[in-house]
Amino acid sequence: MKNIIYKSGIIVVVMALIAGCTEAIDFNGKATAPYAVLISDNYPDSAVKLHLSWSRFFLEDNDEPYKTIDNADIQLMQNGMMASQTSVENGDYFFDCIPAEGDSLSVSVNIPGYERGTLSASTVIPHYPDIKIISCTAKKTVDSYGDSVKIYTFKFSINDPVGDNYYKMQLRYNTYTDSTWYSQCRFSCADPMIVESGDMISTLEGSDDIYPYIYFKDSYFEGQTHTITIESTFYSYSFVPEPYNFQLVFTSLNAPTYQYFKSIETMSNSSSLSFFNEPVQVICNIENGIGLFGGMATKHFDIKSPYADI
């Protein structure tokens with residue numbers, strides 16, 4: 001007990017010293033003029049939607065919503081043909097353009113009073129990923145702490161086209177037979193062609209090689225059919241019901257989209273790890289602005305949960 005009181009006293013003294021050394025410093029620099037931010041994901045077989053807003057100075061109140069832009073003049077081209085704008089609401093601009101795999105999109109945006117010039121960007125819609133589910137198995141075992149665990153193993157193949165290709169992989173699950181709502185499912189992947197390629201990125205929340213999602217490129221299996229194995233573990237003490245269905249969510253991305261998400265991930269990890277880290281530049285493909293005019297194609301693969309033998 002004396003030891004606990006002694007340690008508690010040290011903590012109180014240290015905190016008091018830190019508080020006594022704290023001093024507010026006024027910012028005397030010049031606030032940066034806001035940039036126009038354009039965000040548009042762009043999927044095949046889905047109508048194009050663009051979102052426009054103003055960037056915010058880093059010392060401004062982060063609790064306030066971003067100011068949207070509703071008075072822009074936008075020209076959207078699909079394979080060289082102009083698309084028609086159908087409506088605009090709260091910074092969201094909707095068009096009658098529904099791109100297909102391989103289509104080229106370009107956009108130019110004029111905003112009244114914006115001194116940085118016309119926003120412009122282009123993108124190509126990637127093809128859907130060619131995925132084949134091979135198997136899903138389950139087994140019950142006991143971990144090093146003596147707790148019962150259930151391990152699900154998923155094996156699938158990807159037929160990778162020739163050229164540089166970029167992917168995002170997610171795993172989800174639900175616990176009810178009639179539910180279409182899925183929860184994010186963490187998983188592990190020990191495939192050296194993915195996790196050791198130097199091109200994989202995943203969220204900082206992933207720990208001990210357990211990820212809620214993975215972005216990667218085909219550095220070591222370009223133009224080949226490659227088999228991928230992932231595992232997901234459910235613990236008996238987590239009170240999670242038996243998974244009824246799993247869903248593999250696989251997305252193809254073009255290069256600018258991959259680079260945008262990769263740089264955001266690097267920035268998030270850098271700012272979370274240390275206050276003293278150097279800032280990371282987010283890679284954007286918007287001329288005279290910031291944001292993403294991207295291209296991606298997603299497929300969902302429903303997988304029936306196997307019964308885990310006792």
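The values are calculated or read from the model by the stated rules, or taken from the named source; none is laboratory data. A quick note: this is a predicted structure, and the numbers were derived from the prediction, not measured. Note that each Cβ is placed from the backbone with ideal geometry, even for glycine, and that neighbours are counted across all protein chains shown. Ligands, DNA and RNA are stripped out before the accessible areas are found, and what is left, the full protein with its side chains, is counted by its heavy atoms. Shrake-Rupley method; radii C 1.70, N 1.55, O 1.52, S 1.80 Å.
Whenever you get a sec, compute what percent of the accessible area on region 50-179 sits on carbon and sulfur atoms (1.4 Å probe). Summing carbon and sulfur atoms, their accessible area is 47 percent of the total for region 50-179. Note on I98 and S236: with the Förster distance fixed at 35 Å, the Cβ-Cβ geometry gives a FRET efficiency of about 0.15. The distance between label points at S84 and C136 comes to 4.3 nm (points 7 Å beyond Cα on the Cα→Cβ vector).
Listed cross-link partners K217/K299; K139/K262; K140/K168; K49/K168; K155/K217 are compared with a 26 Å cut-off, the Cα-Cα value being larger for K139/K262; K140/K168. Between T266 and A47, residue separation times 0.36 nm minus the direct Cα-Cα distance comes to 75.8 nm.
With both labels modelled 7 Å from their Cα along Cα-to-Cβ, the M77 to Q184 distance reads 3.8 nm. Rolling a 1.4 angstrom probe over the protein heavy atoms with all chains in place gives region 36-172 an accessible area of 54 Å² per residue. With R₀ set to 30 Å, the beta-carbon distance separating N110 from D164 gives a calculated FRET efficiency near 0.35. Roughly what percent of Cα-Cα pairs across region 81-183 reach past 24 Å? Value for region 81-183 (Cα pairs over 24 Å): 59 percent. If R0 is 45 Å, the Cβ-Cβ spacing of K155 and I283 corresponds to a FRET efficiency of close to 0.85.
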